[in-house]
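The structure under discussion appears below in the form of structure tokens.
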Amino acid sequence: MKNPYTGAVITVQALETFESANVKVINALAAQQAWAKIPLEMRQKLCLQALDTIEPDLDRYASRISDEMFKPVTQARQELAGGVAKLRRLVDLAEDGLRERSISAGGKHFDFRIRRIPKGVIYTIAPWNYPFFTALNSIGPALLAGNAVVLKHEKTPRSGSFSNASSIPWAALTACASFCP
């Protein structure tokens, strides 16, 4: 991988193969089954713990984002801080957003129920321009709802390394190397 402005080599990373990416998806599916059984309140706590783990290293992640896409470090830091704040707010909203709802059928002899059920593994491809903030648009709600996430960054693969440092257990959040199928 090269810095898009200077052309300097930032890192050398093997491309993901179909087989290794498939193993990550299979492992994420197994992890999701355990993750979905954890009560929402505990998933919320674990997401907040993950943020607490990531937050002290925001400068390091900002530097990575800056190197990979030549975004000024101050803007990368703002993206990260905004993403952390957004995920904290999503944690606050999760209980109400994920609760079961009954809807009247307008005087008929039945009611409709809306039940939020985990879907399984969510595959997220994060765009290059806001690699942390936009990734959280799917990672946060998916994890809070009991799904697992396989994350791939389009052109900023080191930006996904925050997932390796988090406290989300059972590989419920897995990063694929760049250019996986």
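General observations
- Among the residues making up segment 29-56, those that are surrounded by 15 or more Cβ atoms within 10 Å (Cβ to Cβ), under 19 Å from Pro131 (Cα atoms) and not β-branched (Val, Ile, Thr) are Cys47, Ala50, Leu51.
- Residues in segment 75-101 that are open to solvent by 70 Å² or more (accessible area, probe 1.4 Å) and without any contact (Cβ under 8 Å) to a residue 12 or more places away in the chain were compared, and the one that is nearest to the chain's Cα centre (by Cα) is Arg89.
Residue by residue, here is whether (1) at pLDDT 95 or above; (2) hydrophobic (A, V, I, L, M, F, W, C); (3) in a helix (DSSP H, G or I) holds:
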| site | (1), (2), (3) |
| --- | --- |
| Ala62 | no, yes, yes |
| Leu80 | no, yes, yes |
| Gly83 | no, no, yes |
| Leu87 | no, yes, yes |
| Asp92 | yes, no, yes |
| Gly97 | no, no, yes |
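- Matching residues, segment 102-116, being open to solvent by 100 Å² or more (accessible area, probe 1.4 Å) and among the aliphatic types (A, V, I, L, M): none
- Counted residues, segment 57-68 - those being within 25 Å of Gly7 (Cβ to Cβ) and open to solvent by 30 Å² or more (accessible area, probe 1.4 Å): 5
- Test: residue in segment 20-28 that is open to solvent by 80 Å² or more (accessible area, probe 1.4 Å) and outside any helix (DSSP H, G or I): no
The values are calculated or read from the model by the stated rules, or taken from the named source; none is laboratory data. All figures in this text were calculated on a predicted structure; none of them were measured in a lab. Note that each Cβ is placed from the backbone with ideal geometry, even for glycine, and that neighbours are counted across all protein chains shown. Accessible surface areas use protein heavy atoms only, side chains included; no ligands, DNA or RNA. Shrake-Rupley method; radii C 1.70, N 1.55, O 1.52, S 1.80 Å.
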